[in-house]
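Novice: Have a look at this one.
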Amino acid sequence: MSAFMRKFLLWYVAWFVIAVYFVHRAQDAELIDSIGIWYTIYCAAGFALPAAFVCAAFGKHIWSAFYLRR
């Protein structure tokens, strides 16, 4: 479980940074509400959590399938 948690945290940090950027851009474009910094963090965490779980759980399989196609 320790290896999975380490992979999950690394993927979570990566997806969180990407999600903060896109949530901030969506707030600037007024696609979603811009209530404050905590709302931005909350939305980004909500987007990053499932993406990080999928990448941590199935990332090795996804990348190996990608390299087999090339």
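The values are calculated or read from the model by the stated rules, or taken from the named source; none is laboratory data. None of these values were measured; they are calculated from a predicted model. All Cβ positions, even for glycine, are placed from backbone atoms using ideal geometry, and neighbour counts span all protein chains on display.
Novice: What pairs come out if I take residues in segment 20-38 that are farther than 19 Å from L49 by Cα and pair them with residues that are of a type in the set (G, A, S) and modelled with pLDDT under 85 whose C-beta lies under 7 Å away, six or more apart or interchain?
Specialist: Hits for this filter: Q27/S34.
Novice: I need a count of the residues in segment 35-48 that are surrounded by fewer than 15 Cβ atoms within 10 Å (Cβ to Cβ) and either hydrophobic (A, V, I, L, M, F, W, C) or in contact with a helix residue (DSSP H, G or I) (Cβ under 7 Å, 6 or more places away or on another chain) (or both). Give the steps one after another, and end with the answer.
Specialist: Of segment 35-48, the ones surrounded by fewer than 15 Cβ atoms within 10 Å (Cβ to Cβ) are 35-39, 41-42, 46.
Filter once more, keeping what is either hydrophobic (A, V, I, L, M, F, W, C) or in contact with a helix residue (DSSP H, G or I) (Cβ under 7 Å, 6 or more places away or on another chain) (or both): 35, 37-38, 41.
The qualifying residues number 4.
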